[in-house]
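The values are calculated or read from the model by the stated rules, or taken from the named source; none is laboratory data. As the structure is a computational prediction, the values presented were derived from the model and not from experiment. Every residue, glycine as well, gets a Cβ built from its backbone with ideal geometry; the counts of neighbours run over all protein chains shown.
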Amino acid sequence: MPVIANGSHLYLNGTVGLDYFDDYFTYPEVVTALAAIDDDSELTVHLNSPGGYVDDGSSIRNAFAARAGTTTIVIEGMALSSASLIACGGDRVVMNPGSVYMIHEPMVSLLSANAARLRTAAEEQAAFTTTFARVYSARSGKPEDEIRAMLAAETWFDPEAAVAAGFADSVGGKVIKIEAKATAFDYGAYAHAPKRLVALAKKKDWRLDGATAAAPPATQPRQNKETSMSENKDGGDISAKLEAAKAEGAKGAVAAYQARRKAVMAFDETKGREGLAEHLIETEMSDEAIKATLAKAPKAEAAQQEPAAPTVEDYAKARMSGGVPQPGGQPGTKSTGWGDVVASANKRRAR
């Protein structure tokens, strides 16, 4: 399980936020686990995550920061993107040898966006960047302008560098070689990952894609998902740049997307697997890889006793409309309380 509570220790592993293809942990799951732990007690959180959705990351960070007892966050493998934001919620942060820490600007989804959406996306991205810059500034003691520069550049830290920058307090455990103990992950998915980690991932064939896997979590279509560093390094008007980009190539991108969707939905392998096909179209997989994935996936059964789980696309639409389904819920519905959250989580784990 991606969320494991063991006495005064809480283990968080996987993508931050709902992910149908990899291990993940969500804000409701973390808060449910915290409910079983005395708020005044000392808590050690063991974190290993490539990041994910900014709303879950920010909420989890605030949940840890609000605890009355001392919370120590130990970064076991990596705290990238929104996972590094979670780490800022600890009273003390420990970087284990061989672990890595990364911060960058949050990104927003622009699938089939019109002019109005492009403008609001610029405002949304700027708001998230400002909020997170203040969090990182408070944690490190660095000026907000310096943090913004780090976010724009996508900045990576080894344990010692994270301590020196103020994002962590100490390096714990025995010294080990990163080549032997680095977490298996496709570091090439990020724009400025350390070259030694990218080379190690390539050498050991650490990758997230393939005939039966979707694109890395950072590329999944959902509002507010962190995918890569921002290209707005000069601090210019993002809205103007987005408008210019739309004028130059949006029509071509939409046409290409529509052609790809038409081709994929026409595959014989798509029949009975339309929901999965709709998601795979949004990834970076080739048409042939999508066909192979669909061929191996089970078809939807019309006589299922329980309604089908919401797709990633359903989840994104529900979140935009304000009706956010929790894990195990249905699209467009809202949780009525933590009792529903616990019941849903237990039901999913029992399967």
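Taking the stated definitions as given, is residue 93 more than 27 Å from residue 172 (Cα to Cα) and buried (at least 21 other Cβ atoms within 10 Å of the Cβ)?
Details: more than 27 Å from residue 172 (Cα to Cα): no; buried (at least 21 other Cβ atoms within 10 Å of the Cβ): yes.
Here the answer is no, as residue 93 does not meet what is asked.
Would region 120-140 turn up any residue that is farther than 30 Å from residue 258 by Cα and part of a strand (DSSP E or B)?
no
Please pick out the residue among 123, 146, 179 that is at pLDDT 90 or above, over 20 Å from the mean Cα position of the chain (by Cα) and over 22 Å from residue 15 (Cβ atoms). Explain how you work it out, then say what you get.
Working: 123 fails: at pLDDT 90 or above; 179 fails: at pLDDT 90 or above.
Checking each option against the conditions leaves just 146.
Of all residues in region 1-56, count the ones that are of a type in the set (Asp, Glu) and at pLDDT below 90.
Quick first cut of region 1-56, residues of a type in the set (Asp, Glu) only: 19, 22-23, 29, 38-40, 42, 55-56.
Checking the rest, the ones that are also at pLDDT below 90 come to 19, 22-23, 55.
Residues that pass the stated criteria total 4.
Determine whether region 99-112 contains at least one residue that is crowded, with 22+ Cβ neighbours inside 10 Å, in contact (Cβ under 8 Å) with a residue 24 or more places away in the chain and over 17 Å from the mean Cα position of the chain (by Cα).
Among the residues of region 99-112, at least one is crowded, with 22+ Cβ neighbours inside 10 Å, in contact (Cβ under 8 Å) with a residue 24 or more places away in the chain and over 17 Å from the mean Cα position of the chain (by Cα), which makes the answer yes.
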